[in-house]
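As structure tokens, the structure follows; a few thoughts come after it.
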């Protein structure tokens, strides 16, 4: 009996250890999320999971410039950034990322890389009323074991069957099939996956479902929230790294976004929010502020957008050129005039002209 | 700390078992202190503040035990007993029911008293009742001479500390004090590891899959279709059983590794032929506690039929309340009490019904009442039932089927049947879980009777690895467009 039991214990523990060590070793060595090292040259890696790979890229890739932000920055091409600015960049976007989330990631990048000379980061008007703690996702959904330097909690990474079957195995299969490692240009780039133009925007924008919120002014508490968010989650990092230039730009949403917020009755709120945000950002030595709502040809052309906000990669490329040229740069001297001009335009625009007689169907300007 | 965590399986458990038997070789008191320390580390892992409460509770109750033993009159003994019970219940009620009490005052007297938002210490329902049983038995002269460390080890023994079973001192302490049990026993280690692995699999591979879906179901109840409502009702029934009984299997398995046979808490409850049978199979140690310390002292069934029914009602009212500070729990308990009373009244007729039929209706009844047990309020429970009839037919939504979309099975099929795979897996899980609860032996029976073969060892090792590799997953961050 005892020898049978002893054999049972030995076999059970051996099988258990062999299996978890095998899975753990493969994941640790291949390291699909670059937590321990940069991509190994013998393997071919998919780049397709920003909340799992961004921190690894920030920790282990070789770079001196960063593109960060939200889904609006996912279509940037670091290769274009590199040739325009003479840098070596990585892209670290977070789709649905709050300012806090993006800032945490940038802080991590700076903590692990002393050479960052340049950061490009978008600011979304859609997030204008977030506070400094805002996140879109519950805290426990993040793989925080990838976001720190604690080796002990990396068990969550290497002893993880989902990582093994989804990520580690993808690397193995891609390598065996003779594929290539994805480029940072293609990383999280969604440009080819969505239809652009009136039909694309129409899928997500139901004008008849937009009802006024009743909120027309920004309360004092909300102003404090905005101040806290911008100060803590954008300005503070720039102040801590005076040697780095931060290019902060307001993502150019389409004219349909402004039709949307007009339907909400919140044009004034967003106007005042943008003005306030810009007032906080301009005037900092190493923050260069940009906004592109004066570019009417872009924002009024539905073929540049897949929905009311998300523009195509061509616009990302254009933005890079403008950032380099200093085109549409805002300073303490001109931001108020910019705000007056663009919001006068948004207040007086004939939004109904964008739609058919039913007031809902988006017109194709090509058919006008 | 959780049983289903890396730190527990890879560090805590091996360290605890190894350290316990190693120190027993040197001196048993070292091993006892070590086990107590490890149990307190287990308990305080997520919130060290909880340690203060359990330590105070243990000290006060042991002090009461000494006073009872020292009291030389029945009156003095009784005074200590009443004080000890009162202090235990006050502490318990303060943490568990204060906000419930305030909410009801606000509702009845139209007040707006602020809630205190007192954090509920882990396992307080269990260690309070465990110590109450000890103190009452001490008063009855049924408790031996136990030193403080032994008593503290009995209360704080980590396998049963957080979620039971509620262990009697007479079950634990003699085993704990037995010198033969201070040496490792490889038979117990083997069966203990086997039972632990099976319990872990029930929790991680089955219960948690249902749990991932069920949480969303109750939130989205107002919009669910009829199949989703049906899944919610059956799914929660399965989730609760696999989760709770899986935890108890793990507790018993770990206890066995320490050569301590803990009492079983479940005996295939969904095989019950009627409600009375159900309560002889579900949460056995809680039923035992209420029987010994509430039902029998109230007179049990010795004071006539009506008094018996009243006693049953009281026990199940209290049982409902014990489970949670919400009228839904009380309703659940009271319904079970009424059904038990009816079962008693119509026992002759019920016994004539074929087991398969009465068992089916018992299962349906238990299913229905679990919905109240789980729902945050009566409205949600009624909504789930309503949607069963008004939700209309349709496919099960992603928030249900994705919970069963196992990456390892997806990997094997590699894109084949990708569209129907999650739905198919949902069906497989539900049918497999129902098959297990209706037709298979439970884990305690299996481990007690099955031979410890090489194949069994390999399967146990695979199960353990599969579970550990499932402790973490990969989250999806769905982007909500306009």
Quiz item: Three principal axis extents, largest first, for the C-alpha atoms of the stretch B:190-261, in Å?
Solution: 51, 15, 15
Quiz item: Between residue A:190 and residue A:83, what is the spin-label point distance in nm, taking each point 7 Å from the Cα along the Cα→C-beta axis?
Solution: 2.7
Quiz item: Across 5 Å bins from 0, what is the distribution of all Cα-Cα pair distances for the stretch A:1-143, in whole percents?
Solution: 2, 9, 15, 17, 16, 12, 8, 5, 5, 4, 3, 3, 2, 1, 0, 0
Self-check item: Whole-angstrom Cα spans of chain A along principal axes, big to small
Solution: 87, 49, 43
Practice problem: Using label points projected 7 Å from each Cα along Cα→Cβ, tell me how many nm separate residue B:175 and residue A:177, to one decimal. | Solution: 5.4
Quiz item: By how many degrees, 0 to 90 and rounded to 10, does the Cα axis of helix A:335-348 deviate from the longest principal axis of chain A?
Solution: 70
Practice problem: Would you please give the FRET efficiency between residue B:448 and residue B:276, computed as 1/(1 + (r/R0)^6) with r the Cβ-Cβ distance and R0 = 25 Å, to the nearest 0.05? | Solution: 0.50
Quiz item: Kirkwood-based Rg over Rh for the stretch B:181-230 (C-alpha set), two decimals?
Solution: 1.37
Exercise. Starting from the Cα gyration tensor of the stretch B:278-348, multiply each eigenvalue by 5, take the square root, and state the resulting semi-axes largest first in whole Å.
Key: 19, 14, 12
Self-check item: the stretch B:136-214, Cα convex hull volume normalised per residue, Å³
Solution: 116
Practice problem: For every helix of n ≥ 4 consecutive DSSP H residues, a contribution of -39,500 (n - 2.57) applies; sum these over chain B, divide by its total residues, and give [θ] at 222 nm rounded to the nearest 500 deg cm²/dmol. | Solution: -22000 deg cm²/dmol
Quiz item: When the convex hull of the C-alpha atoms of chain B is computed, what volume per residue in Å³ does it have?
Solution: 192
Quiz item: Where the Cα atoms of the stretch B:102-248 are projected onto their three principal axes, how long is each span, largest first, in whole Å?
Solution: 60, 46, 23
Self-check item: Prolate/oblate/rounded label for the stretch B:265-316 (Cα gyration tensor, a/c 1.5)
Solution: oblate
Quiz prompt | Linear extension gain, residue A:42 paired with residue A:115, 0.36 nm per residue minus alpha-carbon span | solution = 23.5 nm
Self-check item: Net length gained if the chain between residue A:204 and residue A:152 were fully extended (0.36 nm per residue, minus Cα distance)
Solution: 14.3 nm
Quiz item: Which angle from 0 to 90°, rounded to the nearest 10, does the C-alpha axis of helix A:255-264 make with the longest principal axis of chain A?
Solution: 80
Practice problem: Specify the residue with the greatest mean-square fluctuation among A:40, A:267, A:184, computed from a Gaussian network of chain A linking alpha-carbon atoms under 10 Å apart. | Solution: A:40
Self-check item: Nearest-ten-degree value, helix A:99-112 long axis tilted from longest Cα axis of chain A
Solution: 50
Quiz prompt | Kirkwood Rh in Å, taken over the stretch A:50-105 so that all alpha-carbon pairs contribute | solution = 11.4
Quiz item: How large is the Kirkwood hydrodynamic radius of the stretch B:106-167, in angstrom, based on all distinct alpha carbon pairs?
Solution: 14.1
Quiz prompt | the stretch B:241-390: translational diffusion in µm²/s, Stokes-Einstein, Kirkwood Rh over Cα pairs, 10 °C, 1.306 mPa s | solution = 95
Quiz item: Want the number for residue A:334 to residue A:236: 0.36 nm per residue separation, take away the alpha-carbon distance, what's left?
Solution: 33.0 nm
Exercise. For an R0 of 30 angstrom, estimate the FRET efficiency from the Cβ-Cβ distance between residue B:441 and residue B:356 and round to the nearest 0.05.
Key: 0.95
Quiz item: Taking the Cα centre of each part, how many Å lie between the stretch B:40-58 and the stretch A:1-18?
Solution: 35
Practice problem: Taking each pair of different alpha-carbon atoms in the stretch A:76-155 once, compute 1/r for the pair, average those values, and report the inverse of that mean as the Kirkwood hydrodynamic radius in Å to one decimal. | Solution: 14.7
Quiz item: Using the Cα atoms as the points, what is the convex hull volume per residue of the stretch A:158-251 in Å³?
Solution: 287
Quiz item: Using the scaling law 2.2 N^0.38 Å as the reference, what is the normalised Cα Rg of the stretch A:202-354?
Solution: 1.09
Practice problem: Beyond 17 Å, what share of the Cα-Cα pairs of the stretch B:1-132 is found? Please give it as a whole percent. | Solution: 70
Exercise. Would you please give the FRET efficiency between residue B:432 and residue B:2, computed as 1/(1 + (r/R0)^6) with r the Cβ-Cβ distance and R0 = 22 Å, to the nearest 0.05?
Key: 0.35
Exercise. Based solely on C-alpha atoms, express the radius of gyration and the Dmax of the stretch B:352-407 in angstrom.
Key: 15.3, 48
Self-check item: Rg and Dmax [Cα atoms of the stretch B:67-106; Å; Rg one decimal, Dmax integer]
Solution: 14.9, 46
Self-check item: At q = 0.17, 0.25, 0.28 Å⁻¹, base-10 log of I(q)/I(0) for the stretch A:13-61 (Debye sum, equal scatterers on each alpha carbon)
Solution: -0.55, -0.87, -1.00
Quiz item: Rg to Rh for the protein assembly as shown: what is it, with Cα atoms only and Rh by Kirkwood?
Solution: 1.02
Exercise. With a/c under 1.5 counting as rounded, go ahead and sort the stretch A:307-347 into rounded, prolate or oblate using the C-alpha gyration tensor (a ≥ b ≥ c being the square roots of the eigenvalues; past the cut-off, prolate if a/b is larger than b/c, else oblate).
Key: oblate
Self-check item: Binned Cα-Cα distance frequencies in the stretch A:245-319 - 5 Å width, integer %
Solution: 3, 15, 22, 22, 20, 13, 5, 1
Self-check item: Cα-only radius of gyration and Dmax that characterise the stretch B:370-482, units Å
Solution: 19.0, 60
Quiz item: Under a no-solvent Debye model with one identical scatterer per Cα of the stretch B:309-379, what's log10 I(q)/I(0) at q = 0.21, 0.29 Å⁻¹?
Solution: -0.90, -1.19
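All of the numbers you see were taken from the coordinates with simple rules; none came from a lab. Since we're looking at a predicted model, the values are computed, not measured. Reconstructed Cβ throughout: ideal geometry from the backbone, glycine too, with neighbour counts over all protein chains shown.
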